[in-house]
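As structure tokens, the structure follows; a few thoughts come after it.
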Amino acid sequence: GRAENAHLGVIGACKRPHRLHEAEDVLNGRKVDAAAIKAAVAAARAALDPSDDLHASAAYRRSLAGVLLERALLRASAWRRDSRRQH
């Protein structure tokens, strides 16, 4: 039940697609629980440096990236738990 070889990235938050190495480092080798997800989200938000434009502020983009990452990790960890129950 530990994360192995996690690869995370975002598009649309910065000028180019951005790989979230810092959040990957937080997760890899660790059980994906609430504390790990919280730490990965914090690392991802700290690593992003979006800019403001007419569509969204930098703060909104950083926040949204964290929310979407949290949802994805929760969904992935739930899927993993469910798949182990079926076997």
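Of note:
- Hey, Leu27 in contact with a helix residue (DSSP H, G or I) (Cβ under 7 Å, 6 or more places away or on another chain) and either free of Cβ contacts under 8 Å to residues at least 60 places away in the same chain or exposed (fewer than 14 other Cβ atoms within 10 Å of the Cβ) (or both) or not: yes
- When segment 30-48 is filtered for residues that are assigned to a helix (DSSP H, G or I), open to solvent by 40 Å² or more (accessible area, probe 1.4 Å) and either at pLDDT below 95 or touching a helix residue (DSSP H, G or I) at 6+ places or on another chain (Cβ under 9 Å) (or both), the ones remaining, listed by number, are Ala34, Lys38, Ala42, Arg45, Ala46.
- Selection of segment 49-80 for residues being surrounded by fewer than 18 Cβ atoms within 10 Å (Cβ to Cβ) and among the aliphatic types (A, V, I, L, M) yields Leu54, Ala56, Ala58, Ala59, Leu64, Val67, Leu68, Ala72, Leu74, Ala76, Ala78.
The values are calculated or read from the model by the stated rules, or taken from the named source; none is laboratory data. Computed from a predicted model, the values in this text were never measured in an experiment. So basically every Cβ, Gly included, is an ideal-geometry build from the backbone, and we count neighbours across all protein chains shown. Ligands, DNA and RNA are stripped out before the accessible areas are found, and what is left, the full protein with its side chains, is counted by its heavy atoms. Shrake-Rupley method; radii C 1.70, N 1.55, O 1.52, S 1.80 Å.
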